[in-house]
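What follows is one structure encoded as structure tokens, with my remarks underneath.
The values are calculated or read from the model by the stated rules, or taken from the named source; none is laboratory data. These numbers were taken from a predicted model, which means no experiment stands behind them. Positions of Cβ are generated from backbone atoms using ideal geometry, with glycine treated the same way; all protein chains shown enter the neighbour counts.
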Amino acid sequence: MDAPSEVRYCTASDGIRIVYERAGHGPPLVLLHGFIVDRRTWRPQIADLSQDFDVIAWDAPGCGESTDPPEETTMAEFADYLAQMMEHAGVPSAHLMGLSWGGTLAIEFTREYSARVLSLTLADTYAGWTGSLGRVAAEERLAGCLRESKLRPEEWVPAWAPGAFSDRAPGQLVDLLSSIMADFHPVGFRAMSRAVLPDFSDRLDDIDVPTLLVWGDDDKRSPLSAGQELHNRLRGSRLVVIPEAGHVSNMEQPQRFNSAVRTFLAAEVT
């Protein structure tokens, strides 16, 4: 049986409203979604992992039910928002799990608040776009995102959403992600795109918490080579490749994804 969830909110020091969903009991597990979307992309994980963990899934500022941050918000400032949310939730430390943009945030949060991180699960993510894709590709991606942020959802979401999955993904899954993306915040889209642009690879050598990397074998947004590079840089990290999965591997192959996470955390939770 799924653990009942509760939606809560807190107000950050600058007045930003941060909404988060909480379910289950046990060691705290904080879920950090990718950009454009919100906590709804974690539905398969909230339902399953809350059987063993105190699962907390936020809507990052600029996403979902949270309000918009300033457009020039840095990743370090997003990390500060996350710290304030955790304080409100009464969680001094937690296992962090971030997908895509959320993984980069988890890396930055670990640098800023290392004592508050018990372990990291980084899924289909980046050491910043520049760090994982190179300067030219990163700048091109930013320009595209800034352009799309000014368009109506129907003008860009139909072309973007299928690329988040493998070529084998069912149409209803693409439709589900499309419906979530259609609720994007233009300001949040731009803020998050700018925040993830830099090279965060210099943070990797200082990470000394247990780290799991989970990657879809058909990730078109952050290729498996980016995951392998992170694996090489993060001491003692484990890399699990999910077959028949693209960038949003947690939605496309939830059972395989959840199994990898549960196996990893079972070894880390004492």
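For the stretch 243-251, the criterion of a residue being among the polar types (S, T, N, Q), touching a Ser or Thr at 6+ places or on another chain (Cβ under 8 Å), surrounded by 19 or more Cβ atoms within 10 Å (Cβ to Cβ) and not in a helix (DSSP H, G or I) is satisfied by no position. Being more than 14 Å from TRP101 (Cβ to Cβ), touching a residue at least 60 places away in the same chain (Cβ under 8 Å) and out of contact with any Cys (no Cβ under 7 Å at 6 or more places or on another chain) holds for only one residue in LEU204, LEU197, LEU146, and it is LEU204.
Among residues of the stretch 226-242 being of a type in the set (Gly, Ala, Ser) and not in a loop (DSSP other than H, G, I, E, B), the one that is nearest to GLY131 (Cα to Cα) is ALA226.
So which residues in the stretch 197-216 are among the aromatic types (Phe, Trp, Tyr) and in a loop (DSSP other than H, G, I, E, B), if there are any at all?
Start the filter on the stretch 197-216 by keeping residues that are among the aromatic types (Phe, Trp, Tyr), which leaves 200, 215.
Within the stretch 197-216, just PHE200 meets the criteria.
In the stretch 88-109, of all residues being of a type in the set (Gly, Ala, Ser), within 14 Å of TYR20 (Cβ to Cβ) and touching a Lys or Arg at 6+ places or on another chain (Cβ under 9 Å), the one that is surrounded by the most Cβ atoms within 10 Å (Cβ to Cβ) corresponds to ALA94.
What pairs come up if the first residue lies in the stretch 108-129 and is among the small types (Gly, Ala, Ser), the second is modelled with pLDDT under 95 and assigned to a helix (DSSP H, G or I), and their beta carbons are under 6 Å apart, counting only those six or more places apart or on different chains? Going by the 6 Å Cβ cut-off, the qualifying pairs are SER119/GLU268. Residues in the stretch 45-87 that are touching a residue at least 60 places away in the same chain (Cβ under 8 Å) and more than 27 Å from ARG194 (Cα to Cα) were compared, and the one that is surrounded by the fewest Cβ atoms within 10 Å (Cβ to Cβ) is ASP52. If we scan the stretch 217-225, do we find a residue that is outside any loop (DSSP other than H, G, I, E, B) and crowded, with 19+ Cβ neighbours inside 10 Å? So far as the stretch 217-225 goes, no, none of its residues is outside any loop (DSSP other than H, G, I, E, B) and crowded, with 19+ Cβ neighbours inside 10 Å.
Pairing each residue of the stretch 19-37 that is at positive phi with any residue that is modelled with pLDDT of 95 or more and part of a strand (DSSP E or B), provided the two are 6+ apart or on different chains, yields C-beta distances under 6 Å for GLY24/ASP54; GLY24/VAL55; GLY26/ASP54.
Do we find that GLU252 is acidic (Asp, Glu) and under 20 Å from LEU32 (Cα atoms) in this structure? I'd like the intermediate steps shown before the answer.
On the way: acidic (Asp, Glu): yes; under 20 Å from LEU32 (Cα atoms): yes.
In short, yes.
The set of residues from the stretch 153-196 being crowded, with 18+ Cβ neighbours inside 10 Å and not in a helix (DSSP H, G or I) comprises PHE165, SER166, ALA169, PHE184, HIS185.
For ALA23, state whether it is surrounded by fewer than 23 Cβ atoms within 10 Å (Cβ to Cβ) and among the hydrophobic types (A, V, I, L, M, F, W, C). Steps first, answer last, please.
Working: surrounded by fewer than 23 Cβ atoms within 10 Å (Cβ to Cβ): yes; among the hydrophobic types (A, V, I, L, M, F, W, C): yes.
It is true that ALA23 is surrounded by fewer than 23 Cβ atoms within 10 Å (Cβ to Cβ) and among the hydrophobic types (A, V, I, L, M, F, W, C).
Selection of first residues in the stretch 132-143 that are within 16 Å of ASP219 (Cβ to Cβ) and of second residues that are in a helix (DSSP H, G or I) and among the hydroxyl-bearing types (Ser, Thr, Tyr), restricted to Cβ pairs under 8 Å at least 6 apart or on distinct chains, gives the following pairs, ordered by first then second residue: SER132/SER201; ARG141/SER193.
Among the residues making up the stretch 207-225, those that are farther than 15 Å from THR121 by Cα and in contact (Cβ under 8 Å) with a residue 60 or more places away in the chain are ASP219, ARG221, SER222.
Set side by side, the residues VAL37, VAL30, VAL7 differ, and just one is of a type in the set (A, V, I, L, M, F, W, C), surrounded by fewer than 21 Cβ atoms within 10 Å (Cβ to Cβ) and modelled with pLDDT of 95 or more, which is VAL7. Scanning the stretch 90-118 for residues that are within 22 Å of ARG8 (Cα to Cα) and among the aromatic types (Phe, Trp, Tyr) gives a single hit, PHE109. Considering the stretch 95-119, the residues that are small (Gly, Ala, Ser) and assigned to a helix (DSSP H, G or I) include one that is farthest from the chain's Cα centre (by Cα), namely ALA115.
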